[in-house]
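Okay, so here's the structure we're looking at.
The values are calculated or read from the model by the stated rules, or taken from the named source; none is laboratory data. Remember, it's a predicted structure, so these values are computed and weren't measured experimentally. With ideal geometry, Cβ positions are generated from the backbone for all residues, glycine too; neighbour counts draw on all protein chains shown.
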Amino acid sequence: MHEKSLKKSLMAAMAIALMGCASSDQGRDTETEAIPTQQAVEVTPPPPASRAAQVSDQVDASNTSLTAVERRFSEGLALYNDGRYENAIKVFREPVFTRAWPELRVRSMKYMAFSYCVTGKAPQCQKSFEDILKLDAAFELSSAEQGHPLWDPVFRLAQAKLGIAGE
């Protein structure tokens, strides 16, 4: 009888132990579920300072949010970026840019000037820079554009011709 009682006690202890394991596993599951997870919050960058700055970053002429002149600018910029400078010049010389707001007009003239410079047409490059400076005497090449061996010297000549002190 003692053996039977011992067997029952052992079985009861094992059952309790197994129940403890099961309940502790369940506890872990509920603890895991109870821990709130942090969801990644998508931070959007601030919008560009101006519409023209936004357009210059969007070299997608099929973008339906762009106006006709913005699409045309994007097409010209894509040509410029592809090294098709003669075609870019043709786009940036189109009359649509004379009706564009001043900042986009200056940007189109700048890429036209760069295109003239890289194709060896320094006089046209200088004239384009002079036209830019007549619209915006404070215009300056960006830090990435300054010092370029082809257009920086021509830009400085345009400034000097118009009596504008450069950086």
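Taking Leu150 as the residue in question, decide whether it is in a helix (DSSP H, G or I) and either within 27 Å of Asn63 (Cβ to Cβ) or touching a helix residue (DSSP H, G or I) at 6+ places or on another chain (Cβ under 7 Å) (or both).
Taking the combined requirement at face value, the residue does not satisfy it.
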| Taking the stretch 66-116 as the region of interest, how many residues are surrounded by fewer than 22 Cβ atoms within 10 Å (Cβ to Cβ), over 20 Å from Gln146 (Cα atoms) and aromatic (Phe, Trp, Tyr)? | 2
| query | Looking at (1) of a type in the set (Gly, Ala, Ser); (2) in a helix (DSSP H, G or I); (3) at pLDDT below 95, which is the one condition that is false for Ser65? | reply | (2)
| field | The one condition in (1) under 18 Å from Gly76 (Cα atoms); (2) among the small types (Gly, Ala, Ser); (3) in contact with a Phe, Trp or Tyr (Cβ under 7 Å, 6 or more places away or on another chain) that Ala100 fails to fulfil | value | (3)
| said: Which numbered condition in (1) in contact with a Ser or Thr (Cβ under 6 Å, 6 or more places away or on another chain); (2) among the aliphatic types (A, V, I, L, M); (3) more than 26 Å from Gly163 (Cα to Cα) is the only one that Met109 fails? | reply: (3)
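Residues checked against (1) modelled with pLDDT of 95 or more; (2) under 21 Å from Lys90 (Cα atoms):
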{"site": "Ala113", "(1), (2)": "yes, yes"}
{"site": "Gln126", "(1), (2)": "yes, yes"}
{"site": "Glu130", "(1), (2)": "yes, yes"}
{"site": "Val154", "(1), (2)": "yes, yes"}
{"site": "Leu157", "(1), (2)": "yes, no"}
{"site": "Gly163", "(1), (2)": "no, no"}
{"site": "Gly166", "(1), (2)": "no, no"}
| message | Within the stretch 117-140, take every residue that is under 24 Å from Asp82 (Cβ atoms) and hydrophobic (A, V, I, L, M, F, W, C) and give me the one that is surrounded by the most Cβ atoms within 10 Å (Cβ to Cβ). | response | Phe129
| request: Mind listing whichever residues of the stretch 120-145 are in a loop (DSSP other than H, G, I, E, B) and either under 11 Å from Ala158 (Cβ atoms) or hydrophobic (A, V, I, L, M, F, W, C) (or both)? | output: Ala137, Ala138, Phe139, Leu141, Ala144
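Determine whether the stretch 95-111 contains at least one residue that is part of a loop (DSSP other than H, G, I, E, B) and within 27 Å of the chain's Cα centre (by Cα).
Yes, the conditions are met somewhere in the stretch 95-111.
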